Amino acid sequence: MAPKVIGQAIKSYFLQEGHEADWREIAPPDLTGSETPYGITVNKLNLDIYERVSLALVLAPQFKPEVLDIFYGRNRLYDRMYTEFGGITDKTHSGLLPTIQTLCFLLAGSRTDLKAKAFSIVSNSGKLVEAKLVRVEQQAGGTVYVGSLISLTDTAVNYFVTGTANDLKPSDSFPAHEITTSLERKDLILNEQTKNQLEEIELWIKHEDTLLNQWNLRRLLNAGYKALFYGPPGTGKTLSAAMLGKCTGMKVFGSIFL
């Protein structure tokens with residue numbers, strides 16, 4: 001899909017033969033029942049056509065970098081790359097790495113009304129960013145937001161390559177360790193109010209996808225569930241968090257800040 005979309009975006013922008021068509025008229029592949037990492041992601045997050053193209057764009061440097069070579073076309077008037085294409089290169093990759101400007105060009109071309117869609121996709125509340133699949137990195141010394149690099153996160157790269165989630169290991173960039181417990185829910189002694197609050201968190205974790213995606217409440221509800229566990233040592237804060245992870249099948253990580 002990505003090569004066709006890129007090709008049509010180029011035709012439309014430069015008024016080449018076939019420019020009257022709209023890339024949004026290109027039928028996306030039917031991924032119903034797909035067991036590929038891409039297909040599973042599209043279906044699980046209920047991605048629309050704009051988000052699917054955005055994900056394909058950040059996947060390209062990892063899996064099919066040559067599809068972005070077309071953006072190396074030079075503006076003969078100024079003897080340089082087209083500014084509107086965006087994109088950067090680095091020392092470790094000879095191909096083009098997409099930026100927010102690249103995404104804006106691909107989705108919107110010269111249509112300013114669609115650029116807002118591109119910005120929303122790479123915002124903190126965008127599905128791909130919220131799911132920790134895509135990250136936005138402003139380059140050192142960079143002052144222009146659209147020049148920020150958009151790429152897969154490290155865990156996303158591992159997932160799309162192997163099809164399995166990558167176990168996080170404590171490191172300088174991730175100073176935390178996994179918290180587990182062998183105890184059961186009945187072993188956790190709590191007052192009624194605290195117990196109800198933990199149950200609310202558990203319900204949110206279990207039904208977040210239904211609420212945000214299937215019921216389309218993403219615009220009305222805040223992303224994630226923020227909770228502060230507080231109290232003196234030994235009151236069950238860590239155990240409560242570990243129990244939540246155990247009951248919902250999610251990993252819990254903790255870190256000690258000095």
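Within segment 25-41, the set of residues being among the β-branched types (Val, Ile, Thr) and surrounded by fewer than 21 Cβ atoms within 10 Å (Cβ to Cβ) comprises 26, 32, 36, 40.
In the set (1) in a helix (DSSP H, G or I); (2) under 14 Å from the mean Cα position of the chain (by Cα), residue 135 fails one condition alone, (1). Take residue 148 and tell me if it is at pLDDT below 85, in the same structural domain as residue 43 (by TED's automatic domain parsing) and in contact with a helix residue (DSSP H, G or I) (Cβ under 8 Å, 6 or more places away or on another chain). Here the answer is no, as residue 148 does not meet what is asked. Candidates in segment 24-46 are the residues that are outside any loop (DSSP other than H, G, I, E, B) and free of Cβ contacts under 8 Å to residues at least 60 places away in the same chain; of these, the one that is farthest from residue 62 (Cα to Cα) is 25. Among the residues of segment 68-103, those identified as in contact with a Phe, Trp or Tyr (Cβ under 8 Å, 6 or more places away or on another chain), touching a residue at least 24 places away in the same chain (Cβ under 8 Å) and crowded, with 17+ Cβ neighbours inside 10 Å are 71, 86, 96, 100, 101, 102. Filtered by the rule that a residue be assigned to a helix (DSSP H, G or I), in contact (Cβ under 8 Å) with a residue 40 or more places away in the chain and not β-branched (Val, Ile, Thr), segment 47-67 gives 50, 51, 52, 54, 55, 56, 57, 59, 60, 61, 62, 63.
Inspection of segment 107-117 identifies no residue that is of a type outside the set (Gly, Ala, Ser), touching a residue at least 40 places away in the same chain (Cβ under 8 Å) and in contact with a strand residue (DSSP E or B) (Cβ under 9 Å, 6 or more places away or on another chain). Checking each residue in segment 1-51 for being under 24 Å from residue 217 (Cα atoms) and among the basic types (Lys, Arg) picks out only 44.
A quick yes/no check of all residues on (1) outside the structural domain of residue 12 (by TED's automatic domain parsing); (2) over 22 Å from the mean Cα position of the chain (by Cα); (3) at pLDDT below 90:
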{"position": "47", "(1), (2), (3)": "no, no, no"}
{"position": "53", "(1), (2), (3)": "no, no, no"}
{"position": "58", "(1), (2), (3)": "no, no, no"}
{"position": "63", "(1), (2), (3)": "no, no, no"}
{"position": "82", "(1), (2), (3)": "no, yes, yes"}
{"position": "93", "(1), (2), (3)": "no, no, yes"}
{"position": "100", "(1), (2), (3)": "no, no, no"}
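Among the candidates 203, 211, 228, 190, the residue that is at pLDDT 85 or above, assigned by TED's automatic domain parsing to the domain that holds residue 240 and part of a helix (DSSP H, G or I) is uniquely 203.
So, residue 127, is that one more than 26 Å from residue 41 (Cα to Cα) and modelled with pLDDT of 85 or more or not? Here the answer is no, as residue 127 does not meet what is asked.
The values are calculated or read from the model by the stated rules, or taken from the named source; none is laboratory data. This one's a predicted model, so the numbers in the text were calculated from it and none came from an experiment. Glycine also receives a Cβ, built like all others from the backbone with ideal geometry; neighbour counts cover every protein chain displayed.
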